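In what follows, a single structure is set out as structure tokens and then discussed.
The values are calculated or read from the model by the stated rules, or taken from the named source; none is laboratory data. Remember, it's a predicted structure, so these values are computed and weren't measured experimentally. Reconstructed Cβ throughout: ideal geometry from the backbone, glycine too, with neighbour counts over all protein chains shown. What goes into the accessible areas is simple: the full protein's heavy atoms, side chains included, and nothing from ligands, DNA or RNA. Shrake-Rupley method; radii C 1.70, N 1.55, O 1.52, S 1.80 Å.
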Amino acid sequence: MSKRKSSDKKSRPAAQKREHREQTPSEGQSSENPPASRVPSQAAIRETIESVVIAFVLAFLFRTFEAEAFVIPTGSMATTLMGRHKDVSCPVCGSHYQVSASDEVDPNGASRGPGAQVVEGMCPMCRFSADFGPGNPEKRRYPSYKGDRILVGKFSYQFGDPQPWDVAVFKYPGGAMTNYIKRLVGLPNQTIQIKHGDIFVKPRGEGEFTISRKPTKKLLAMLQPVFDNDVTPQLLEHGWKPRWRAMASDHGDSSGGAWEPAEDHASFQTSGEGTGENWLHYQHRVPTYEQWLKLKEGSLGPDEPLPQLISDFSAYNTGRSRSESAPDTDAYGLHWVGDLAVRCKLEATSDSGEAIFELIEGGRRFQCRIDVASGRATLGIDGLDDYRPTATTKVLSGGKHRILFANVDDQLRLLVDGREIEFDAPTTYGSLDDTPLDNTVPTRDDLSPVRIGTNGAGLCVSRIEILRDIYYIGSTYATSGPITEFKTMIPHDLLVNPERWGAYFDRENQRLRDPPEFELGPDQFLALGDNSAKSKDGRLWGEDGFEYYVSRELLIGKALFIYWPHSWNRIPGTKIPFPFFPNFQNMGFVR
């Protein structure tokens, strides 16, 4: 195992707000306008008012106390914080996403010329590569916007110590005239290990590593979009198969109780009649660039695209210039991500039965069962009979609720209507009762990693979203090629071919790099970017001859608030021109 030691001497969130969907603008509309929207809800109006009030309060604080404004130059913290980027509306499914445009300019902000202009990027939902260069088919303009403007509290670390998962601004150890912004994952006198996409920590020189768990508020901000089932009607129109499908019951008679999709497959319902459990399975059938071309030519195979593992794909990293051809393999994400979450709107239409949410990681089944008669929620992990935390929720017959069930950082979490549910026992796990979970290598069950079931309950589910945790890549090498944990080139079919998984994901087969360790002394911190595949952070500074840590004396302050994301050129929801109209929706605290 590689191990780095430092001496004791001292020597730049999802984000989910940004992944909102919008209607596809009409022909000739500029993408620098805000997305068309319906009449704002009371919650949206309230959020806008709160954002305005917060902006004024922060402006007052800015003048009263010591604070400083910074502009995010690159995408190393995307999508938590945006560097120079383009806002894109997918012409196929309407999804709204961002693509990095940092390579259009040099480190001093000067243009690198038309040849470096980003003109294409891939949708995170349907994987269509949209042309947003001059003369694009939609005849729309896609300007490149400067990065988010944020406020940084310079007193934050003078009166208190940095906390794990803080987003901090600091002077780059390799050149103190340069400011960086990253997330602090390691604190003084700790040893940090990056393994399986997670952060592990132990006291310096002592004990065993334990996983570092994100606080729920930070987790919710950091979750990355995988699939929003609301785009399914548009995908069906283009000839793609639905990714959510009803599966036959493993036990009992499902007659009368099977899941039935709405005509557009955007929602599903079951009467709950019959015996046994009935399931909806999600399969990650994402088309490649080549399969989109086949679809256009009419040569797509009947089974294409095949289900595959969920990876660390990020639409933000898929920008291409005119000089580049098809996307490279790394554009689709190279690393399997098993830490997932499912979010949906759930309506219970019967007086009894259970709603079941299930997440698969490495063949292990992680479940949340909710009894709609009592609202009682029970967590479970197959093979661990003693793991049964329970809690009372408001999920009862006749009610409609927003549910989020997550398996992240070796912990199960349940949120109902935005409120985290407290259980009667710890919901964390790991090696319980000295029984290793042994789920670090994917199995065929991971091709259906998210499932929603019923056990005798009448249910209706809609607004189904799948999200994933950030995957921190455990590598200290990026001199040539992408940042990856694999020692050698990987086959193009790795994510779809179970026959290869043992050879490439099992560390005993020596195809993965040893998990790197970083030993921190007093007043030393380890800082990583959320966009791990494109972040030049503490993992890689050694390639430039610098230490991997940030000394306390280099810390400038804590990132507090996004006070000015790029503006719009008209009032949202209208056609009224209004240059530099504030983008209230993307203002907010940095998590």
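Classify region 520-566 from the C-alpha gyration tensor, please: rounded if a/c falls under 1.5, else prolate or oblate depending on whether a/b exceeds b/c. Here region 520-566 falls in the oblate category. Each listed q (0.18, 0.19, 0.24 Å⁻¹) maps to a log10 I(q)/I(0) for region 432-473 from the Debye sum over equal C-alpha point scatterers, namely -0.91, -0.96, -1.06. Look at the alpha carbon pairs under 8 Å that are at least 6 residues apart: their mean separation over the length of region 88-136 gives a relative contact order of 33 percent. Relative to its Kirkwood radius, the Cα radius of gyration of the chain gives an Rg/Rh of 0.95. Set against the 2.2 N^0.38 Å expectation for a compact globular protein, region 495-554 has a Cα radius of gyration ratio of 1.53.
Tell me, what is a quarter of the convex hull surface for the C-alpha atoms of region 462-521, in nm² with one decimal? Quarter of the Cα hull surface area: 7.4 nm². Taking the accessible area of region 322-472, probe 1.4 Å, and keeping the other protein chains in place, the carbon and sulfur fraction comes to 40%. Peptides 106-119, 276-289, 80-93 ranked from most to least packed, by the mean per-residue count of other Cβ atoms within 10 Å: 80-93, 276-289, 106-119.
Peptides 223-229, 526-532 ordered by packing proxy, namely the average of other Cβ atoms within 10 Å per residue, highest first: 526-532, 223-229. Quick one: grab the alpha carbon gyration tensor of region 437-591, order the square roots of its eigenvalues as a ≥ b ≥ c, and give me rounded if a/c is under 1.5, else prolate or oblate depending on whether a/b is larger than b/c. Oblate. Calculate the length of the line joining the C-alpha centroid of region 535-591 to that of region 380-403, in whole Å. One Cα centre to the other: 37 Å. Across region 506-591, Cα-Cα distances exceeding 22 Å account for 56% of all pairs. Rolling a 1.4 angstrom probe over the protein heavy atoms with all chains in place gives region 171-311 an accessible area of 45 Å² per residue.
Under the criterion of Cα pairs below 8 Å and six or more residues apart, the relative contact order for region 81-173 equals 27 percent. Charge tally around TYR472: other residues with Cβ under 13 Å, Lys/Arg +1 each, Asp/Glu -1 each, net -1. Under 5 Å between amide hydrogens, which residues at least 5 positions from TRP564 or on another chain qualify, with H placed 1.01 Å from N in the peptide plane? Those qualifying (amide H under 5 Å, at least 5 residues apart or on another chain) are ARG149. Apply the Debye scattering formula to region 327-382, with a single equal point scatterer on each alpha-carbon and no solvent, then give log10 I(q)/I(0) at q = 0.13, 0.18, 0.20, 0.24 Å⁻¹. The Cα Debye sum returns log10 ratios of -0.49, -0.73, -0.82, -1.00. About its Cα centre, the chain has a charge dipole of approximately 2140 debye under the convention of +1 per Lys or Arg Cβ and -1 per Asp or Glu Cβ, with nothing else charged. With contacts taken as Cα pairs under 8 Å and at least 6 residues apart, region 276-333 reaches a relative contact order of 34 percent. When the convex hull of its Cα atoms is viewed from all sides, region 182-304 shows a mean projected area of 13.2 nm².
Remark: region 168-239 is approximated by an ellipsoid whose semi-axes, taken from the C-alpha gyration tensor as √(5λ), come to 36, 21, 11 Å, largest first.
If you wrap the tightest convex hull around every Cα atom of region 96-178 and split its volume per residue, you get 168 Å³. Based on alpha-carbon centroids, what's the gap between region 132-176 and region 73-108 in Å, whole number please? Each part's Cα centre sits 12 Å from the other's. Once Rg and the Kirkwood radius are both taken over the C-alpha atoms of region 545-584, their ratio Rg/Rh works out to 1.39. Entry note, the chain: the mean residue ellipticity at 222 nm calculated from DSSP H runs of n ≥ 4, each adding -39500 (n - 2.57), is -2500 deg cm²/dmol after division by the residues and rounding to the nearest 500. Within the accessible surface of region 90-230, defined with a 1.4 Å probe on protein heavy atoms only, the carbon and sulfur portion equals 51 percent. Amide H to amide H, with H built 1.01 Å from N, ARG463 comes under 5 Å of LYS345, counting only residues 5 or more places away or on other chains. Phi-derived couplings, Karplus 6.51 cos²θ - 1.76 cosθ + 1.60 at θ = phi - 60°, listed residue by residue for region 313-320: 4, 9, 4, 4, 9, 9, x, 9 Hz, with x used for Gly and Pro. Farthest toward the dipole's positive end in the chain, which of PRO516, ALA406, VAL342, given Cβ charges of +1 (Lys, Arg) and -1 (Asp, Glu) about the Cα centre? Among PRO516, ALA406, VAL342, the one farthest towards the positive end of the dipole of the chain is PRO516.
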